[in-house]
Ligand SMILES: Cc1cc2nc3c(=O)[nH]c(=O)nc-3n(C[C@H](O)[C@H](O)[C@H](O)COP(=O)(O)OP(=O)(O)OC[C@H]3O[C@@H](n4cnc5c(N)ncnc54)[C@H](O)[C@@H]3O)c2cc1C
């Protein structure tokens, strides 16, 4: 039985793959394929990996569960649990590239009070989520909080560019940086990608399978032109710690988030501007991040100095959002796959999405139940978008 199974797996596994996009989605996919012995060419138009949305100095592991039992909420729950195990393998907690400092979701407005109130009526394992009042919340995070909320003991932050670099440090992955992919052509045996380098030199590459992970710019490829992918600009603010803010020891989240200081800096996030692809850092966005902080954690806001400063550092980039807040993961055509639309939580969803692709590509058992796979499936989602138009 075992021999029959491995014969079937090796027969259906591709020997080579091209992955377009060196953000967290592409790096996770390249990693999963390389671990199964597939030779991967990873292509990115930028000069280094993690140059798009995955390039922030820190990102948080933020699982915002809904109270209903629908595929989105099941997916977020599964993705969070998967991400913790996956990160333990790829990027163990070291306090530098990853911290498991805990994360507090505050019941700081009517929507969150209702959502968290409904969640609190269900039974959750204590290692996953606990419900706390304002006094307990203050004790846990080290700074006085006005609100209670949900405490995630295993929540925390990671440095996404370090995670990406770790994922692709595999001899079976060849990186092609400054390679802009312009067109995708189906061949007799697989797929060919054609484009130009940053120096204007034409290039092409072929492989058995092709996985498109280049976020909203996938729309430029004919095969993805009808996908509903929305660019959403976001800016984080990097804020110098103060003696008072130094006491923060966990991530706090309301309408935005603030991470504890590392190297004397907090990361405060993040703005959302739909259909805006510009990446300049704006002081208005710093002010917005700070105003949100004031609403969910006023004492922390005071501790940080209360006023957005023109000198604040920050980083703006563009998320790719897909309808229903679910990424598009799976087969698009024979030998053509994608992992797109990770929206606001790519750190949570990229790893499990790579496992979904691997299962589909190599014939392994899927890591998620059929109803969730159905909702992730690009062909199903593209059909439902078309039928609504
Ligand atoms: C301000 C902000 C804060 C965020 N905070 C968090 C957070 O705290 N936690 C969290 O989980 N998520 C967070 N996110 C979301 C998360 O960053 C994204 O979901 C994730 O980075 C998406 O990864 P990706 O690989 O799909 O896209 P990207 O990281 O954007 O990667 C796409 C890559 O494709 C390349 N590319 C594009 N077109 C081409 C082409 N034609 N040829 C070759 N290469 C191409 C780009 O250069 C890029 O490297 C945040 C996002 C933003 C913007």
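Of note:
- Among the candidates 31, 62, 82, the residue that is assigned to a loop (DSSP other than H, G, I, E, B) and within 16 Å of the ligand (Cβ to nearest atom) is uniquely 62.
- Residue in the range 190-213 that is surrounded by the fewest Cβ atoms within 10 Å (Cβ to Cβ), counting only those that are assigned to a loop (DSSP other than H, G, I, E, B) and touching a residue at least 40 places away in the same chain (Cβ under 8 Å): 198
- Condition met for residue 303 (farther than 30 Å from residue 216 by Cα and in contact with a helix residue (DSSP H, G or I) (Cβ under 6 Å, 6 or more places away or on another chain)): yes
- The residues listed here are 76, 9; of these, the one that is at pLDDT below 95, in a helix (DSSP H, G or I) and in contact with a helix residue (DSSP H, G or I) (Cβ under 8 Å, 6 or more places away or on another chain) is 9.
- Residues satisfying the stated conditions in the range 127-139, i.e. under 26 Å from the mean Cα position of the chain (by Cα) and either over 18 Å from residue 62 (Cα atoms) or in contact (Cβ under 8 Å) with a residue 24 or more places away in the chain (or both): 127, 128, 129
- If you go through the range 34-49 and pick out every residue that is crowded, with 24+ Cβ neighbours inside 10 Å and near the ligand (Cβ under 10 Å from one of its atoms), you end up with 4.
- Considering each residue of the range 77-87 in turn, at least one proves to be over 15 Å from the mean Cα position of the chain (by Cα), over 18 Å from residue 164 (Cβ atoms) and surrounded by fewer than 19 Cβ atoms within 10 Å (Cβ to Cβ).
- Matching entry among 116, 177 (being touching a residue at least 12 places away in the same chain (Cβ under 8 Å) and more than 30 Å from residue 48 (Cα to Cα)): 116
Yes or no, residue by residue, for (1) farther than 21 Å from residue 61 by Cα; (2) out of contact with any helix residue (DSSP H, G or I) (no Cβ under 9 Å at 6 or more places or on another chain); (3) within 10 Å of the ligand (Cβ to nearest atom):
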position	(1), (2), (3)
225	yes, no, no
230	yes, no, no
233	no, no, yes
240	yes, no, no
251	no, no, yes
255	no, no, no
266	no, no, no
277	yes, no, no
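The values are calculated or read from the model by the stated rules, or taken from the named source; none is laboratory data. Computed from a predicted model, the values in this text were never measured in an experiment. Every residue, glycine as well, gets a Cβ built from its backbone with ideal geometry; the counts of neighbours run over all protein chains shown.
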